[in-house]
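Structure first, then comments.
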Amino acid sequence: MARFVLRSLFVLACLLVLPARQAVAAPVPRTILALYDGKTEPQLRFSNVHQLAAMPLNYLGLTVEFHDIRKGLPEIAGRDDLRGILMWLTSQQVDDPAAVWTWLDAAAGHGLRLGILGDLPLRDAAGHVPDPAAVDRVLGRLGVHMQDRWIADTYGSKVVSSDPAGMAFERALPEILPAFGIFKPSDDLVQALLVVQGPQGKADESNLAVIGRQGGIVSPGYGYFRDPAFLRTRWFINPFGFFSSVFATDALPKPDVTTVSGRRLFHSHIDGDGWLNESRVPGYAGRHVVSAAVILHEIVDGYPDLPVTIAPIVAELDPAWHGSKAAMELAREIFARPNVEPASHTYSHPFQWGFFRNYDPASEKPFRTIYDARGQDRYQGGDPDEKSMQAARAAGLHTGYRIPRAYGDKPFDIHQEIGGAIAFLQTLSPPGKPVRLVQWSGDTSPFPLALKLTREAGALNINGGDSRFDAEYPSYSSVAPIGARVGGEIQIYAAGSNENTYTDLWTNRYFGYRYLRQTWINTGTPLRIKPLNLYYHIYSAERLASLNAVKDNLDWVRQQSVAPVSTYTYASIAEGFFTTRIEQTGPHSWRIADHGALSTIRFDGPLAALSPDLQTSSGVIGWHHDGGVLYVAIDPDMPQPEISLTATPVPVARPRLQDARWRIHGFACEVAGCRMQVQGYGDGSFVWQVAPSSLWKITLAGPDGATAQQEAAADATGRLAFSLPPTATAGAALTLGARP
């Protein structure tokens, strides 16, 4: 811990003694190129670089570009967006180990920082080995020299030293240590997180987790633990501290997707599965009331202060498929509610997207009998039989899928699934409510063309990830990243898991979704790594236990200080994380570009002790310190806000936001007052910092021209708090005017 503290104090000292501006703005690289081997990890989604490393890297403000080394090694010359390389392999055998080390050596020579976890690429299938000198050069930059010795029998081995801030993060090392190689420190500047000693004592001493001058390394078996029975994972190392040190992120401004207007973001979305299913909930049971109608009455109308995005499956609405005029009218009624955002859950609900990547209509013939069945369980294809199971296995469907999609009445058409579904749903949505979000179905693994067509249709996308952090999944390693680049497109993951993972895939424990709250708590403190996301299916309204679980979660959200937004807004913010470019204009000044809807920049470590200087910043609405970090709210309407931090107490030059329930944009402010556009759900509670004991006139003008006014006084500390009526769902103009 002492070393981490000393490093932070050193960085802070440097920030305070350097001049206020530098002559030329310098791009701040944020991309980590993550190498994995598709031969041993054929599915990127389940690779270590994606499943374990990407989320902590995202939290540290870094985007991840995944690369399979089977496809050759990428060209990196001239790329000013690259900050470093992460290599995480699960076998020492790769196709061309010599090429990997030569490439890593060249990348390090270009100044890129390197992080290596897991196995080192030391041989190919024929037994060829890389040049030892190249291996030594790369590892030397990371703080170690490797000896040609391997301790397989670790009985009698022991831990010599373990950095309390860097190791035993979620789980202590086992008493019988994993096998290990011998790594000796390469210089006196090495920060050893873990040193172990083999049975022969000092001669077997090895540095197995190290931070060096240009990166760091963790030996295989010492980064994380995987439970062999339940396949749950927990970290041995502290991934946040390790990656922060390896990629030097202390002084990096971090685009943040968890926070809006100084408050933790909340959004909710519902996949349309179960729209036509009859509800068994008391009061509706026996009356042939479909689950979508129960959602309307119990959730949409029961919680008008909280937004919800609802995405029907078009095949369940379209009379040409399995819908009806009644189903369409119900969708119209739901979409007309002010707190509802319309979205698409595709046309025919693909289960396994990869099945349709190179589609041949003949491939669905074995499933025709199931498609033609009209059973209640249309999402899994009815009761299994040997013939259908054989067809599923022959088609390569994932375990649990007996059909490739829920509705196979007509040949699959990717254009209909994306653009056609959006166009159909748009006819059911009121004027001014565009359908501009696709919520992925099934395995939520769309191929690049599906993502491309979504973007070309003017829509964003969401789903996938299934983040959990609770007693059943007790680790940060079960929390997904923000999203991933897929074939040049961006897939945004849901910030939380849906009720399926809590109910054994909707087979029992129908009350299970009430435990979502624990994930919300664990992902909010001590690190705020995720917003609040309530994500479920229409069929949660089938049963009283599942409906009550949803309500319990909504009731809890109502008690929190949150900023509720639509799911499209969250997806826009998340996409902004990937597109944001940062330029450093001074030792503690930055320009933020291409941020889209993203409106919060977070500062950690030594920078968290500073505050924005409003005299030299632009586009800064306000800030607040929370949980040891600094959240700075920027105006999403300003193309290139500038943030300048200072250690000097900032006098109140004009009102600055501390936190608010509503989103703010189009912000213009001076000493006498501020004008801005606002949008939000429920009452508009605001907290501003102004001159102590000053008086203010607050005016809210709605889109229809109606205005509401009130006065408020700041307390002796300059805290100005007020609440506005819930009239900004469609947007409004807010003015703060100082009274003499």
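Every read-out reported here was derived from the displayed coordinates using simple, explicitly stated rules and does not represent laboratory data. Note that the coordinates shown come from a computational prediction; the quantities given were computed from them, not determined experimentally. When we count neighbours, we look across all protein chains shown, and the Cβ atoms used for this are built from the backbone with ideal geometry, even at glycine.
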Quiz item: Of CYS669, CYS674, how do they rank once you tally other Cβ atoms within 10 Å and put the fewest first?
Solution: CYS669, CYS674
Exercise. In nm, give the distance between the simple-model label positions of VAL159 and LYS365, each being 7 Å from the Cα along the Cα-to-Cβ direction.
Key: 6.1 nm
Practice problem: Note down the Stokes-Einstein diffusion coefficient of region 249-314 in µm²/s, whole number, using a Kirkwood radius over alpha carbon pairs, 37 °C, and 0.692 mPa s. | Solution: 223 µm²/s
Exercise. Just subtract the alpha-carbon distance of ALA708 and GLN615 from 0.36 nm times their residue separation and send over the number in nm, one decimal.
Key: 30.3 nm
Quiz prompt | Under 16 Å from the Cα of LYS530 - lysines, other chains or at least 8 residues apart | solution = LYS254
Quiz prompt | Ranked GLU278, GLU542, criterion: other C-beta atoms within 10 Å, fewest first | solution = GLU278, GLU542
Self-check item: Largest-first principal axis extents of the Cα set of region 70-198 (Å)
Solution: 46, 36, 28
Quiz item: Which FRET efficiency value, to the nearest 0.05, is calculated for THR717 and ALA336 with the Förster distance at 56 angstrom and r the Cβ-Cβ distance?
Solution: 0.80
Quiz prompt | Selection from PRO304, GLN677, ILE116 lying farthest towards where the dipole of the chain points positive, charges on Cβ | solution = GLN677
Self-check item: Rounded, prolate or oblate (a/c below 1.5 giving rounded, otherwise prolate when a/b exceeds b/c) for region 130-239 by Cα gyration tensor
Solution: prolate
Exercise. Using Cα pairs closer than 8 Å and at least 6 residues apart in sequence, work out the relative contact order for region 407-508, in percent.
Key: 21 percent
Exercise. Please arrange VAL435, VAL314, VAL557 by counting, for each residue, the other beta carbons lying within 10 Å of its beta carbon, fewest first.
Key: VAL557, VAL435, VAL314
Quiz item: Taking a ≥ b ≥ c as the square roots of the eigenvalues of the Cα gyration tensor of the chain, is the shape rounded (a/c under 1.5), prolate (a/b larger than b/c) or oblate?
Solution: oblate
Exercise. In whole Hz, with x marking every Gly and Pro, tabulate ³J(HN,Hα) for region 270-278 from phi via Karplus 6.51 cos²θ - 1.76 cosθ + 1.60, θ = phi - 60°.
Key: 10, 6, x, 3, x, 3, 9, 6, 6
Quiz item: With labels modelled as points extended 7 Å from the Cα through the Cβ direction, what inter-label distance (nm, one decimal) is found for ASN358 paired with LEU449?
Solution: 1.2 nm
Self-check item: Point-charge dipole on Cβ atoms (K/R +1, D/E -1) for region 38-156, about Cα centre, debye to 20
Solution: 240 debye
Quiz item: Which of the residue pairs LYS365/LYS410; LYS39/LYS71; LYS365/LYS452; LYS158/LYS184 have a Cα-Cα distance greater than 18 Å in the structure shown?
Solution: LYS365/LYS452
Quiz item: What do you get for Rg/Rh over region 588-739 if you use C-alpha atoms and the Kirkwood form of Rh?
Solution: 0.96
Quiz item: When the helix-only estimate is applied to the chain (DSSP H runs of n ≥ 4, each -39,500 (n - 2.57), divided by the residue count), what is the mean residue ellipticity at 222 nm, nearest 500 deg cm²/dmol?
Solution: -5000 deg cm²/dmol
Quiz item: How about region 224-272: which chymotrypsin sites (Phe, Trp or Tyr not before Pro) there are in a DSSP loop, with at most 12 other Cβ atoms within 10 Å of their Cβ?
Solution: PHE230
Quiz prompt | Options GLY216, SER694, PRO27, ranked by Cα towards positive dipole end of the chain, top entry (Cβ charges) | solution = SER694
Quiz item: Rounded, prolate or oblate: which one fits region 384-523, using the alpha carbon gyration tensor with axes a ≥ b ≥ c (rounded when a/c is under 1.5, else prolate when a/b beats b/c, else oblate)?
Solution: oblate
Quiz prompt | Within-11-Å neighbourhood charge of LEU252 [Cβ basis; K, R +1; D, E -1] | solution = +2
Practice problem: Apply the Karplus parameterisation 6.51 cos²θ - 1.76 cosθ + 1.60, with θ equal to phi minus 60°, to every residue of region 501-517 and state each ³J(HN,Hα) to the nearest whole Hz, in sequence, with x for glycine and proline. | Solution: 6, 9, 10, 6, 6, 6, 10, 6, 6, 5, 7, x, 5, 5, 7, 3, 4
Exercise. With the Cα gyration tensor of region 27-252 in hand, convert its eigenvalues to equivalent ellipsoid semi-axes via √(5λ) and list them largest first in whole Å.
Key: 25, 20, 19
